[in-house]
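First the structure, in the form of structure tokens, and then the observations on it.
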């Protein structure tokens, strides 16, 4: 099958609507993700600290509890590090 053969042209016409539909679905998915503004805890310590600082700067901001959760999580991790360090040097 060549690029300009009747079979290739027919195939191209057949998949064109499917590709448009896929593109539309991708655009809608990205748009709905942007609109949902659903945030998750960061994976790195640096990211978690940034999230905690953002929440501490504006604790009244409605972030569905993420800021409070991150602050508590950072505190637990800090305590764990202190205990781990104490046990190393004891």
task = Note down all Cβ pairs under 8 Å where the first residue falls in the range 31-47 and is under 16 Å from residue 66 (Cβ atoms), the second is in a loop (DSSP other than H, G, I, E, B) and modelled with pLDDT of 60 or more, and they're at least six residues apart or on different chains.
result = 38/64; 39/63; 39/64
query = So which of 41, 59 is part of a loop (DSSP other than H, G, I, E, B) and within 16 Å of the chain's Cα centre (by Cα)?
reply = 41
request  = Go through 67, 14 for me and flag whichever is exposed (fewer than 10 other Cβ atoms within 10 Å of the Cβ) and either free of Cβ contacts under 8 Å to residues at least 40 places away in the same chain or at positive phi (or both).
outcome  = 14
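The values are calculated or read from the model by the stated rules, or taken from the named source; none is laboratory data. Only a predicted model underlies this, so the values are computations on that prediction, with no experimental measurement involved. No Cβ is skipped: glycine too gets one built from the backbone with ideal geometry, and neighbour counts run over all protein chains shown.
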